[in-house]
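Where a number appears in this text, it was derived from the coordinates with a stated rule and is not lab data. On a predicted model such as this, the values are computed, not experimentally measured, just so you know. Cβ placement follows ideal geometry from the backbone for every residue including glycine, while neighbour counts extend to all protein chains displayed.
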Amino acid sequence: VAEEYPSSAALFDGSFAVRQEEEIERLKELEQAFAREEFCIYLQPKYRQRDGHAEVAGAEALVRWVHPGRGLVPPGEFIPLCERTGLIRQLDLLVFEKVCLLLKRWAEQGLAEVPVSVNVSRQHMKTAHFLDSYRDILQRTGVDAHRLELELTENVLFTTREIGEARDLIERIHQLGMHCSLDDFGAGYSSLGLLKDLPVDTLKLDRQFFADSLHSPRSQAVVRSILSLARALEIESVAEGIEEEGQAAFLWEAGCDLIQGYLYAPPLPTAAFESLLPPANN
Ligand code: C2E
Ligand code: CA
Ligand code: CA
Ligand code: CA
């Protein structure tokens, strides 16, 4: 048997070596990107329904790599490598600081200070004292922490298998004055029990819930019951990845608080997002 497949074994070894080389190359590029400050943030608006029309009520910050040759690189193409190499901590803090400085500027310019949420990688959350750096940045920038929300993925909370630890973490986020949301809810095997144990402020329903465009009565019933549970627990609800008018109509009617998705707006450069903001009503 061994003789039958010598070439495929060699091929495998060869491609593995190539992949390793590629990874080292990409890592070098990534480290340079940090040194050259090639990362920026895009803001995707979250909309609320008010008097029959949707208005901007917040944003999620999403990182982008402005690559000198390749243009705008989406996070899916470099976050996994950041996570494998520990660079993710640096990236998340960089994004967080950019958002703090932005909120500070909005306050100075008299723009409506809508809340902005920032993603936190699960790798990052497991490290001891990880919130210390967030506290330092809050203090250094002097931003109003109530405008900030950390998005934690439910995966995080699952793999730690320590609901108690996750709850402590959320409480410490609250002590810093920030809000906390449970991201990608429903993307994996979510448990409603999590909502009983974790004092999150916001629940982000993953777009997997809307995969059938909410055409089936079953998926409508599931979404309705999650929204009503969130409401009963006084947890704000956000539906993610909404692309169709019909989905939005259903969600508004079912009592969803906020909608984020291409239907209303894609992630935008900060200046484009700012042009959507009304002046602050002082
Ligand atoms: P996420 O946190 O679930 O963010 C939402 C993703 O869905 C974003 O992709 C957004 O552009 C995309 N999206 C928004 N509306 C729609 C829609 O209507 N349809 C579809 N198909 N997609 C939509 P993006 O910007 O490529 O980010 C991908 C993931 O990368 C994020 O998923 C998040 O997990 C991660 N990420 C982004 N920025 C950061 C960051 O600063 N730190 C960390 N740790 N992760 C980040
Ligand atoms: Ca997110
Ligand atoms: Ca999400
Ligand atoms: Ca996601």
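Using the C-alpha gyration tensor of region 183-254, what are the square roots of 5 times its eigenvalues, in whole angstrom, with the largest one first?
Each semi-axis is √(5λ); the values are 20, 12, 11 Å.
With a 10 Å cut-off between alpha carbons and a GNM built on the chain, which of Ala265, Ala17, Ala112 moves the most?
In this elastic network of the chain, the residue with the biggest mean-square fluctuation among Ala265, Ala17, Ala112 is Ala17.
Using the Kirkwood formula over every pair of different C-alpha atoms, what hydrodynamic radius in Å results for region 47-92?
For region 47-92, inverting the mean 1/r across all distinct Cα pairs yields 13.1 Å.
For region 131-250, build the charge dipole from Cβ charges (+1 Lys, Arg; -1 Asp, Glu) around the Cα centre, then report which of Ile137, Phe209, Leu195 sits farthest towards its positive end.
The residue sitting most towards the positive pole is Leu195.
Any aspartates and glutamates with Cα under 12 Å of the Lys104 Cα? List them, leaving off those in the same chain fewer than 8 positions away.
Glu113, Asp144
Roughly how tilted is helix 163-175, in degrees to the nearest 10 and between 0 and 90, from the longest Cα axis of the chain?
Its long axis makes an angle of about 60 degrees.
If you fit an axis through the alpha-carbon atoms of helix 130-141 and take the longest principal axis of the Cα set of the chain, what angle between them do you get, 0 to 90°, nearest 10?
So the helix axis and the longest Cα principal axis differ by about 60 degrees.
Could you check what % of the DSSP bridge pairs in region 28-185 are antiparallel, to the nearest 5?
If we restrict to bridges inside region 28-185, about 55 percent are antiparallel.
If one puts a single equal scatterer on every Cα of region 156-282 and applies the Debye formula without solvent, what log₁₀ I(q)/I(0) results at q = 0.10 Å⁻¹?
Values returned for q = 0.10 Å⁻¹ are -0.37.
Over what distance in Å are the Cα centres of region 176-223 and region 37-104 separated?
Value for the Cα centre distance between the two parts: 21 Å.
State the antiparallel share, in %, of DSSP beta bridges confined to the chain, rounding to the nearest 5.
Taking every DSSP beta bridge with both residues in the chain, the antiparallel ones total about 50 percent.
In nm², what is the average projected area of the convex hull enclosing the Cα atoms of the chain?
Approximately 19.3 nm², given one-decimal rounding.
Tell me which lysines have Cα within less than 22 Å of Lys204's Cα, excluding those fewer than 8 residues away on the same chain?
Leaving aside lysines fewer than 8 places away in the same chain, those within reach of Lys204 are Lys46, Lys126, Lys196.
How big is the dipole moment of region 153-282 about its Cα centre under a simple scheme where the beta carbon of each Lys and Arg is +1, that of each Asp and Glu is -1, and everything else is neutral? Debye, nearest 20, please.
That gives region 153-282 a dipole magnitude of about 240 debye.
Taking the Cβ of each residue in Ser219, Ser15, Ser275, Ser117 as the centre, tally the other Cβ atoms inside 10 Å and list the residues starting with the fewest.
Final ranking by Cβ density, sparse to dense: Ser275, Ser15, Ser219, Ser117.
Would you please report the Å³ per residue occupied by the convex hull of the alpha carbon atoms in region 4-146?
In region 4-146, the Cα convex hull volume per residue is 184 Å³.
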